[in-house]
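**Student:** Sending over a structure as structure tokens; questions will come in a sec.
FYI, it's all coordinate maths here, none of it is from the lab. Everything numeric in this text was worked out from a predicted model, so none of it was measured. Backbone-built Cβ (ideal geometry, glycine too); neighbour counts: all protein chains shown.
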Amino acid sequence: MTTAPLLKSVDAAAILGICTKSLQNCRKQGLKYVKIGKGTFRYRRDDLKEYIEAQTQCHSEPRKPRSINTTSSSEVVAFEDLAGRKTMRKPRR
């Protein structure tokens, strides 16, 4: 049985186009790895491809519309009222 060689962190990061610190974050997000000793990680090329596919989003799906609410979420201040107050100031002498 012949297996493909495991990739070092630097090589795996280069394939993903990210730095090694970001690769650590990818591991936390579900990127599969092989741990060899303390602090030594290796990656399978197939696992990198699988991770890329899992992270790929379809851009043709419709986006959710943004909220057009002009009041703050706490409903303490309405932004229109703030704008109105600025225009109602007395002129300086």
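**Student:** Below 8 Å between Cα atoms, with a sequence gap of 6+, how large is the relative contact order for the stretch 1-47 in percent?
**Tutor:** Over the stretch 1-47, the number comes to 44 percent.
**Student:** Points 7 angstrom from Cα along the Cβ direction at Lys8 and Gln55: gap in nanometres?
**Tutor:** Modelled inter-label distance: 2.1 nm.
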